[in-house]
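Here is the structure we will look at, set down as structure tokens.
The values are calculated or read from the model by the stated rules, or taken from the named source; none is laboratory data. A quick note: this is a predicted structure, and the numbers were derived from the prediction, not measured. Please note: Cβ atoms are built from the backbone with ideal geometry, for glycine as well, and neighbour counts cover all protein chains shown. With ligands, DNA and RNA removed, areas are computed over all heavy atoms of the protein, side chains included. Shrake-Rupley method; radii C 1.70, N 1.55, O 1.52, S 1.80 Å.
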Amino acid sequence: MARMDLENKFRGAMLGSALGDAIGELAFGLGDRAALTAAVDRCPSLVYTDDTAMAIGVAEVLVAHGGLDPETLGRRFHDNYRREPWRGYGPGPPALFALVEREGLSYAATAQRLYGGEGSFGNGAAMRVTPVGLFVSTDPEFEDLARASAEATHAHPVGVDGAVVQAAAVASAVELDPVAPFDAAGFCRRLADIARTSEMRTRLASVERLLAEGARPARAAAEFGFGIAVQDSLPFALYAFLTHTDSFENCLFIAALHAGDRDTVGAMACAVSGAYLGIDAIPAEWLAKLENRDLLDALARRLAAAGERRAARLNG
Ligand code: AR6
Ligand code: MG
């Protein structure tokens, strides 16, 4: 893919995900599209939450080091959390950081001690994985890098699997031509092939079935549930994208107005939509209000350049 096309898609994914996060956060308590549009119009600035703060951490490490490992990434998350603890983090990451400070173990080893020793299956590893999906595209190391990015904070196999599946969704969306016909069932099946846990595979099969049945968003949301677990929230985010592949706005409204975990479902769905449709599909008035837009934009461009250098190295 030419650099311009690639940049267009990378910017669409990074800025799109941040908008899904910020607008999803505004959507809590709102019932319909008119109310959410009015809330966005009233807002002077669209402020993102932990989802985007952590995605920025992942992107910063990837562009600085040309790769990542759980320890380097854990340190970056920890530093960014110290600067902005108010971003709305789930309980897991702050507990992890406190434990690392107290006991001095590695981030990955400490992550294994959370939640009674089973590790987190929250959607935190999936919500922030967009830069990995962009950076590695669909090359053979893709799964290792997605896995390593999760393991800094999430040790539960389902929590890690969610990150691998979401990274694959972003990577596939980059590869696909938005003008060609879209095979939603095929997209789902490829993700199910990549998933390692029966929980994620079963849920991806449900997404495919709901699409075939033409299920309305309320039914899909009720089937997946409204929780923060990645096996509940990621399938609904994929449903929102796959039922509205032609419109970033419609994807965002479905994700933000029907999900339980609105900011994170927005972030995940809109990362994939933005990666598929590119930045030009995102409403300019939303982009104009996005907090730290220039930083996100610069990271997306640097990821595109780094991803290209990496592809050249792998191919040559
Ligand atoms: N057993 C029971 N509940 C669990 C388990 C487990 N093994 N793992 C996770 N949970 P956490 P995150 C539940 O704290 O994944 C922000 O609002 C538990 O209820 O690891 O980074 C973001 O915007 C726990 O509180 O954090 C996202 O919405 C929850 O999953 C979200 O938080 C989250 O897991 C990201 O959370
Ligand atoms: Mg959040």
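Some points to look at:
- Positions within segment 37-67 being in a loop (DSSP other than H, G, I, E, B) and at pLDDT below 95, in sequence order: G66, G67
- In segment 54-76, the residue that is farthest from A18 (Cα to Cα) out of those that are within 14 Å of ligand 2 (Cβ to nearest atom) and crowded, with 24+ Cβ neighbours inside 10 Å is G57.
- Across segment 97-130, the number of residues qualifying as within 27 Å of R262 (Cβ to Cβ), more than 8 Å from ligand 1 (Cβ to nearest atom) and not in a helix (DSSP H, G or I) comes to 2.
- Being over 30 Å from A306 (Cα atoms) and surrounded by fewer than 17 Cβ atoms within 10 Å (Cβ to Cβ) is a property that does not hold for E84.
- Out of S149, S137, sole residue that is in contact with a helix residue (DSSP H, G or I) (Cβ under 9 Å, 6 or more places away or on another chain), within 13 Å of ligand 1 (Cβ to nearest atom) and of a type in the set (S, T, N, Q): S149
- So L176, is it aliphatic (A, V, I, L, M) and out of contact with any Leu (no Cβ under 7 Å at 6 or more places or on another chain): yes
- In segment 290-313, the residues that are at pLDDT 85 or above form Cβ pairs under 6 Å with partners that are open to solvent by 60 Å² or more (accessible area, probe 1.4 Å), at six or more places apart or across chains, as follows: E291/V47.
- Of residues in segment 37-53 being within 15 Å of ligand 2 (Cβ to nearest atom) and either open to solvent by 30 Å² or more (accessible area, probe 1.4 Å) or of a type in the set (F, W, Y) (or both), the one nearest to L96 (Cα to Cα): Y48
- Of the residues making up segment 246-300, just one is hydroxyl-bearing (S, T, Y) and within 16 Å of ligand 1 (Cβ to nearest atom), namely T264.
To keep it simple, each residue is scored yes or no on (1) among the aromatic types (F, W, Y); (2) surrounded by 19 or more Cβ atoms within 10 Å (Cβ to Cβ); (3) without any contact (Cβ under 8 Å) to a residue 12 or more places away in the chain.
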position	(1), (2), (3)
V230	no, yes, no
A240	no, yes, no
N250	no, no, yes
F253	yes, yes, no
R262	no, yes, no
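- Single condition A34 does not satisfy, out of (1) outside any helix (DSSP H, G or I); (2) small (G, A, S); (3) more than 16 Å from ligand 2 (Cβ to nearest atom); (4) free of Cβ contacts under 8 Å to residues at least 60 places away in the same chain: (1)
Every residue, every condition in (1) at pLDDT below 95; (2) touching a helix residue (DSSP H, G or I) at 6+ places or on another chain (Cβ under 6 Å); (3) part of a helix (DSSP H, G or I), yes or no:
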site: T202; (1), (2), (3): no, no, yes
site: T245; (1), (2), (3): no, no, no
site: F253; (1), (2), (3): no, yes, yes
site: D263; (1), (2), (3): no, yes, yes
site: M268; (1), (2), (3): no, yes, yes
site: V272; (1), (2), (3): no, yes, yes
site: E285; (1), (2), (3): no, no, yes
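- Residue in segment 111-131 that is more than 16 Å from ligand 2 (Cβ to nearest atom), within 13 Å of G57 (Cα to Cα) and either open to solvent by less than 30 Å² (accessible area, probe 1.4 Å) or at pLDDT 95 or above (or both) present: yes
- Among (1) within 27 Å of P157 (Cα to Cα); (2) buried (at least 24 other Cβ atoms within 10 Å of the Cβ) - the single one E223 does not satisfy: (2)
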